[in-house]
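Read-outs throughout are calculated quantities, based only on the coordinates presented, and are distinct from any laboratory measurement. As the structure is a prediction and not an experimental result, all values here were calculated from the model. As a convention, Cβ positions derive from the backbone with ideal geometry for all residues, glycine included, and neighbour counts pool all protein chains shown.
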Amino acid sequence: MQASIQILTAALEELLDKQSRWTEYELIQALKREPYAIFDQDALADTQALFETHFILFHCLYLIRQAWHEMQRADLDIHTLAISVRPYTKHAVSEQATDADVPQLQDPLASYYLDWSNFTETTQQDVEQLLNDFWSRMTGTTRQSQRMALDEAWQQLDLAPTADMQQVKRQYRKRVHQCHPDKGGSVREMQAIQVAYQRIIKS
C-alpha cells in the first residue's frame, strides 16, 4: 500500500504542477486516464468505492500539503469543490509547533485524513450512514421522510413491504441511477427516492 500511496502522491504533484486549481472530481477523472490510470473506471461506482477513492485521494493531498509546507514550496487549500495551490506563506505559530504542524492546526480535517485507521476501520455500514446523514442535511429529507407514509415510500422504491434491507439498498441505488438527470430523470425525482429510502430504513 505504501508504494501505491507514493505513486499516487507523485501523480498528484505532477497534476498540481500543471494546473493550480482542480475539483476533486476533476482530479479523480484525470487519475483514471493515461498516463496515470491509477483509479479504476469504477472508482465512484458505489458508496464503498466512493469513500475509498475520496479518502485515499485526500490522504495523499494532505501528505503533499504537509511536505510542501516543510519545504516552504507552496500552500495547498483542500476542499472537495476546490483544491488550489497558493504561494507559500510563513505562518505565525507557537514555539512548540513545527512547520509540519501548521496545516493540521488550521484544518481539523487533516488529522482525520492523515490517520490511516480511519480508512481501514470504516465499514460499508459506516459509509452508508455517513452518506445518508449528508443527504439528509443537504436535501432536508429527514423532515420530509417523517411526513411520508410508509406505504408511499415502498411504492416510490417500487418494492413490496416484505423486502429485506439488502433488497431495499439495491433497489434504492437502482432507482437513483434510473432517475439521474443524465438518464432523463430529475433532481426532484432523486430527492423523492431519497426521502422514501430514509422513511423505510427508519421505520
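Among the aspartates and glutamates, which fall within straight-line cross-link reach of K90, defined as a Cα-Cα distance under 18 Å, with same-chain neighbours fewer than 8 residues apart omitted?
E70, D75, D77, D99, D101, D107
Amide H to amide H, which residues 5 or more places from T23 or on other chains are under 5 Å from it, using H placed in the peptide plane?
Sorted by chain and number, the residues that satisfy this are I83.
Expressed in nm to one decimal, what extension gain is obtained for the pair S117 and R86 from 0.36 nm per residue of sequence separation less their Cα-Cα distance?
Extra length available between S117 and R86 comes to 8.2 nm.
Quick check: net charge around I78, other residues with Cβ under 15 Å of its Cβ, Lys/Arg +1 and Asp/Glu -1?
That works out to -3.
Can you put F39, F55, F119 in order, fewest other beta carbons within 10 Å first?
With the sparsest Cβ surroundings first, the list reads F119, F55, F39.
Kindly put I28, I64 in sequence by how many other C-beta atoms sit within 10 Å of each C-beta, fewest to most.
Final ranking by Cβ density, sparse to dense: I28, I64.
Expected output is a single nm value to one decimal: the length gained when fully extending between V176 and Q124, i.e. 0.36 nm times separation in residues minus the C-alpha distance. What is it?
16.9 nm
Using only the alpha-carbon atoms of the stretch 2-120 as identical scatterers, what base-10 log of I(q)/I(0) does the Debye formula give at q = 0.11, 0.15, 0.16 Å⁻¹?
Rounded to two decimals, the profile gives -0.36, -0.67, -0.76.
So how do Y25, Y113 line up by other beta-carbon neighbours within 10 Å, fewest first?
So the ranking, lowest neighbour count to highest, is Y25, Y113.
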